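The values are calculated or read from the model by the stated rules, or taken from the named source; none is laboratory data. Everything quoted here is computed from the prediction, not taken from an experiment. Cβ sites come from the backbone with ideal geometry, for glycine too, and all protein chains shown count toward neighbours. Each accessible area value is taken on the protein alone, full model and side chains, heavy atoms only, with ligands, DNA and RNA left out. Shrake-Rupley method; radii C 1.70, N 1.55, O 1.52, S 1.80 Å.
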Amino acid sequence: MKKDHKIFIISGPSGVGKTTVAKGILKKLPFLKTTVTYTTRTMRLGKKEDKTIIHVSEQEFRNKIDNGEFLEWAIVHNNFYGTDSAVVSQELQKGSLLMNIDVQGALQIKEKMPRETILIFLKTKSFIDLVKHIKKREKMPEAILALRLANAKKELSLAKRYDHVVINDEGKIKETIEKVKSLIEKELNLEG
Ligand code: 5GP
């Protein structure tokens, strides 16, 4: 592996805009590579992803855990998610990576590959802003909303373990993408 290739990981509570930011960054910095996520969540129609998603059954997922095929894996909102270890090694040979994964997975990668991994936490200005944003984006039963918010609190408490915390202010997605882009460029010594 070339020593200057990095793994940039964007995490943050559900509804904060990670996928939009990741897609925006990939457009502006097309040299960044993406990864492959295996998940037990069902397929969503019509949503463009920011990486390759492979849908598997829980048994298939457990077999992959047993075979040591994941660099990280976690249960997020009752579904299993895991990053294919071989894909990360292969892609990292070619260049730097951008990943959008949850806090538990991000911290596993940071622990295994501390030198290469740069953690970026995306948050709203306040918790109330997050609640408003989630409610506006998607109608969901109260119980699901409560689960999302409880998870968000847990994730926010881990933001201090991240290298960078970026605020995605309401209605300022372009500025947020620009902020994340410039910190990636700085980490890669590309600025100027
Ligand atoms: P979604 O199902 O909407 O794509 O993602 C739901 C949550 O799972 C998000 O917080 C996202 O960051 C996280 N996630 C997506 N892919 C992965 C992955 O490969 N590993 C982990 N640990 N989390 C993931």
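Identify all residues within region 12-52 that are away from the ligand (no atom under 14 Å from the Cβ) and at pLDDT below 95; write none if there are none.
Residues satisfying the conditions do not exist here.
Under 6 Å between Cβ atoms, which residue pairs at least 6 apart in sequence (or on different chains) link something in region 61-80 that is closer than 11 Å to Thr39 by Cα and at pLDDT 95 or above with a partner that is within 11 Å of the ligand (Cβ to nearest atom) and open to solvent by 50 Å² or more (accessible area, probe 1.4 Å)?
Ala74/Tyr81; Ala74/Gln104
Just name the residue that is least open to solvent (accessible area, probe 1.4 Å) out of those in region 141-176 that are of a type in the set (Val, Ile, Thr) and closer than 22 Å to Gly105 by Cα.
Val166
Filter region 50-81 down to the residues that are within 23 Å of Met113 (Cα to Cα) and small (Gly, Ala, Ser) and list them by number.
Gly68, Ala74, listed by residue number.
In region 85-106, which residues are touching a Phe, Trp or Tyr at 6+ places or on another chain (Cβ under 9 Å) and either open to solvent by less than 20 Å² (accessible area, probe 1.4 Å) or of a type in the set (A, V, I, L, M, F, W, C) (or both)?
Passing the criteria: Gly95, Ser96, Leu97, Leu98, Met99, Ile101, Val103, Gly105, Ala106.
Go through (1) within 21 Å of Glu187 (Cα to Cα); (2) within 8 Å of the ligand (Cβ to nearest atom) for Ile9 and report which single condition fails.
Of everything listed in (1) within 21 Å of Glu187 (Cα to Cα); (2) within 8 Å of the ligand (Cβ to nearest atom), Ile9 misses just condition (2).
Of the conditions (1) in a loop (DSSP other than H, G, I, E, B); (2) surrounded by fewer than 17 Cβ atoms within 10 Å (Cβ to Cβ), Asp50 clears all except one; give me its number.
So Asp50 meets the others, but not (2).
Residues of region 55-95 being within 10 Å of the ligand (Cβ to nearest atom) and not acidic (Asp, Glu), which ones?
Hits for region 55-95 are Phe70, Leu71, Trp73, Ala74, Ile75, Val76, His77, Asn79, Phe80, Tyr81, Gly82, Thr83.
Which pairs turn up if I take residues in region 122-145 that are within 20 Å of Leu158 (Cα to Cα) and of a type in the set (Gly, Ala, Ser) and look for partners that are at pLDDT 90 or above and open to solvent by 70 Å² or more (accessible area, probe 1.4 Å) with beta carbon separation below 8 Å, at least 6 apart in sequence or on another chain?
Close Cβ pairs satisfying both conditions: none exist.
Considering region 1-41 alone, what residues qualify as being in a helix (DSSP H, G or I) and either touching a His at 6+ places or on another chain (Cβ under 6 Å) or open to solvent by less than 10 Å² (accessible area, probe 1.4 Å) (or both)?
Result: Val21, Ala22, Ile25.
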